[in-house]
Amino acid sequence: MRLAADGVLLLDKPEGYSSTQALARSKRALAAPKAGHTGTLDPFATGLLPLAFGEATKFSRFLIESTKSYRATLKLGVESSTGDTEGELSAPVHVNVDLATIDEVLARFRGVQQQVPPMHSALHVGGKRLYQLAREGIEVHREPRQVEVIALARDQLEGDCLFVSVTCSKGTYIRTLAADIGRALGCGAYLTALRRTAVGPFCVSAAVPLEHLQQEGPELARARLLPVDVLVGSLRRCDVPPELALRFRQGQVIDWTEAAGGSEWGVWDAGGVFLGVGKAELPGRLAPLRLMAANALQAP
């Protein structure tokens, strides 16, 4: 029996692949017609890249909005035009910082802050991505965006290489953070390695390397898929009786007294089958927002 390609794959992306390239190779490995990633990783970065297949693509935004964790390596005493290994490097300067100074500087970058997106990023401006403009030698104004660095700690310092662990909100550019830390230390810095270790509740230790995935064949690769409802673990859950389950699946608004106005809920039937996500546009009334296709409903 051929396994359906509906679910979430935790991929350990190798260096040298863009997120789009890793996704394309994973789709071929699973022989899957429809898939999407849940947030990009730069080609030089490695680590956790959750991929949504089939019906899971309908709910990927809940993971896109999750916090991310990284291990980053900063080269002190040098700056890069792109903030990472892809750019032109400045002349090195002498590094004279101690651990106490590093820890004090890192503490400044914890919390909610404004961050200017780098020119070498995938954001759109005037119909073009910023990195395309940067390659043409064009620099444009970028509005700062609010991000949050939830945790930032020194792991070790080896010579001029500073290793740090970061947990942050979506939209945080670690390249920019590295450059800002370098400037605050007075010596400059750029990112020489980056590994994403967690996305929301998922850890890279549970991910499959792309090379292994490609060697397994479609059946074994599809067997790695987590159920679609792992994407909505952050939502409140409601288990509805059969009559409400049928109405909800048919796109009808259902009564759910606990639903506060504006809240979103994951909806399951009495047998534990995930039906989709509803939103309480009015208090106590839950309207279908995204529904699982009838032929893709997954029993627990």
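In the range 150-300, how does Rg compare with the Kirkwood Rh, expressed as the Rg/Rh ratio over alpha carbon atoms?
On the way: Rg = 22.1 Å, Rh = 19.3 Å.
With Rh from the inverse mean 1/r over Cα pairs, Rg/Rh is 1.15.
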For a quick check of understanding: with a 1.4 angstrom probe and all protein chains in place, what accessible area in square angstrom does ILE64 have, to the nearest ten? 60 Å²
Would you work out the charge dipole size for the range 33-88 about its Cα centre, treating the Cβ of every Lys and Arg as +1 and the Cβ of every Asp and Glu as -1, and quote it to the nearest 20 debye? 360 debye
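Which value at 222 nm does the chain reach when only helices count, each DSSP H run of 4 or more adding -39,500 (n - 2.57), with the total divided by all residues and rounded to the nearest 500 deg cm²/dmol?
Numbers: 8 runs with 64 residues, N = 300.
Helix contribution divided over all residues of the chain: -5500 deg cm²/dmol.
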Find, to one decimal place in angstroms, the Kirkwood hydrodynamic radius of the range 4-66, where the mean of 1/r is taken over every pair of different Cα atoms and then inverted. 11.5 Å
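Calculate, in whole percent, how much of the Cα-Cα pair population of the chain lies beyond 31 Å.
Beyond 31 Å sits 41 percent of the P(r) for the chain.
Per the Cauchy relation, a quarter of the hull surface: what is the mean projected area of the convex hull of the alpha carbons in the range 158-228, in nm²?
Values: hull surface 28.3 nm².
If I average the Cα hull's projected area over directions, I get 7.1 nm².
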Computed ³J(HN,Hα) along the range 62-68: with the Karplus parameters 6.51/-1.76/1.60, θ = phi - 60°, integer Hz and x for glycine or proline, the list is 5, 8, 4, 7, 6, 6, 10
LYS34: which lysines have alpha carbons under 23 Å from its alpha carbon, excluding same-chain residues fewer than 8 sequence positions away? LYS13, LYS58
Given the candidates VAL199, GLY182, PRO209, the one whose Cα lies deepest towards the positive end of the charge dipole of the range 175-219, counting +1 at each Lys or Arg C-beta and -1 at each Asp or Glu C-beta, is GLY182
Taking every eigenvalue of the Cα gyration tensor of the range 219-300, multiplying by 5 and rooting it, what semi-axes result, largest first, whole Å? 24, 13, 10
For a bin width of 10 Å, list the pair-distance distribution of the range 37-106 built from all Cα-Cα distances, rounded to whole %. 15, 31, 28, 17, 7, 1
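The values are calculated or read from the model by the stated rules, or taken from the named source; none is laboratory data. Bear in mind that the values here come from a model prediction, so they are computed numbers and not experimental data. FYI the Cβ positions are ideal-geometry reconstructions off the backbone, even for glycines, and counts take in every protein chain you see. Side chains included, ligands, DNA and RNA excluded: accessible areas come from the protein's heavy atoms. Shrake-Rupley method; radii C 1.70, N 1.55, O 1.52, S 1.80 Å.
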